[in-house]
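None of the figures in this text is laboratory data; all of them are computed from the coordinates on show. All of these numbers come straight from a predicted model, not from anything done at the bench. FYI the Cβ positions are ideal-geometry reconstructions off the backbone, even for glycines, and counts take in every protein chain you see.
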Amino acid sequence: MTPPVSDTYRRTIRDQLTAIAREENATILFAIESGSRAWGFHSPDSDYDVRFIYTRPIDWHLSVVPGRDVIERPISDELDLSGWDLRKTLALILGSNAVALEWLQSPITYIEAPGFRDAMTAFARQSLRRVPVMWHYRRLAERQMERQTNPDGSLRLKRYFYTIRPILALRWLRLRPDAATPPMDMARLMAECDLPEDVHAAILNLIEQKKALSEAGILMQPPALTDQLIADELQQAVNELATATEDHRPDTRDQADALLAEWTRKYDPTAKEFAP
């Protein structure tokens with residue numbers, strides 16, 4: 001089986017990340033694949049969606065006018081590279097941003113500072129709240145449903161999968177009323193969603209079709225089983241969110257501050273000058 005990322009592309013991506021870190025005077029603490037190649041349903045010509053978390057020297061933060069907290073590069077040669085500053089990432093997790101947790105769960109890793117993923121994942125699991133995460137996946141599914149149909153009635157297979165994945169995340173959450181952290185990849189989602197055998201088989205068949213087609217591949221008629229899954233789970237989510245109250249989680253702002261200080265100091269070569 002062809003791996004989602006070849007050794008050649010791994011080297012190319014790492015070289016690009018090294019160049020970005022040098023150009024931006026930043027340290028990349030964590031870099032992963034976040035798109036369909038990590039989700040488990042890429043096409044042969046899928047882009048490489050590389051996402052990363054980085055930190056800058058302490059002096060960079062000591063400015064009256066804050067610097068930009070995102071690094072982006074134009075898509076080139078199938079590479080889509082962008083990253084978030086550590087402070088931004090921590091703030092987004094405090095706001096229950098589900099994307100940050102997805103990055104931390106990616107099965108394809110390009111760079112990882114020792115201990116960083118574990119520390120951030122533990123923080124995210126303590127901080128994320130169920131209701132905002134449900135809203136995220138509901139809106140994601142609804143947006144993709146609006147974009148998945150061609151004028152002739154056929155379906156963009158890529159967009160159809162972009163609908164199925166958040167629908168499975170909603171199902172995972174529904175089956176776990178006290179949880180807020182669904183897996184990001186299709187294999188784990190399907191394994192943990194208690195799907196009927198025929199629905200599971202229908203999704204696997206769609207994955208095989210997508211892996212054989214280009215990104216522009218179409219589906220003339222989706223399986224009724226997956227269409228019903230989408231309709232049922234979306235309605236279940238709508239019903240729950242109509243009456244859901246904000247779940248209470250411990251205040252983890254102090255932990256966020258501690259993580260920001262720890263990892264910024266650890267990778268700032270000048271920080272030792274200020275040590276007691």
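A few points about this structure:
- Acute angle (nearest 10 degrees) that the helix 130-147 long axis makes with the longest principal axis of the chain, alpha-carbon atoms: 60 degrees
- Antiparallel DSSP beta bridges within the chain, as percent of all bridges there, nearest 5: 70 percent
- The Cα atoms of the range 68-207 give a gyration tensor whose axes a ≥ b ≥ c have a/c of 1.5 or more with a/b no greater than b/c, which makes the shape oblate.
- Axis angle, to the nearest 10 degrees, between helix 253-266 and the longest C-alpha principal axis of the chain: 60 degrees.
- Restricting the range 136-223 to chymotrypsin sites (Phe, Trp or Tyr not before Pro) that sit in a DSSP loop and have at most 12 other Cβ atoms within 10 Å of their own Cβ leaves nothing.
- Spacing of the modelled spin labels on residue 14 and residue 271, each 7 Å from Cα toward Cβ, amounts to 2.4 nm.
- Placed amide H near residue 149: partners under 5 Å, 5+ positions off or other chain: 156
- Applying both filters, DSSP loop and at most 16 other Cβ atoms within 10 Å, to the GluC sites (Glu not before Pro) of the range 1-107 gives 78.
- For a label point 7 Å along the Cα-to-beta-carbon line of residue 176, residues of the range 106-129 with backbone N under 19 Å: 106-108, 117-129
- Pairwise Cα inverse-distance average, inverted: Kirkwood Rh of the range 130-243 (Å): 14.4 Å
- Helices in the chain, meaning DSSP H runs of at least 4 residues, each add -39500 (n - 2.57). Divided by all residues, the mean residue ellipticity at 222 nm is -17000 deg cm²/dmol.
- Helix axis angle, 197-212 relative to the chain longest principal axis, alpha carbon, degrees: 70 degrees
- Each Cα pair under 8 Å and six or more residues apart adds its sequence gap; the mean of these over the residue count of the range 130-243 is a relative contact order of 35 percent.
- FRET efficiency for residue 244 and residue 68, using Cβ-Cβ distance with R0 set to 35 Å, rounded to 0.05: 0.50
- Residue 192 versus residue 253: modelled label distance in nm, points set 7 Å from Cα along the beta carbon direction: 3.0 nm
- Values of log10 I(q)/I(0), in the order q = 0.13, 0.14, 0.15 Å⁻¹, for the chain under a Debye, Cα-only, solvent-free model: -0.94, -1.07, -1.19
- Where labels lie 7 Å past Cα in the beta-carbon direction, separation of residue 236 and residue 25 in nm: 5.2 nm
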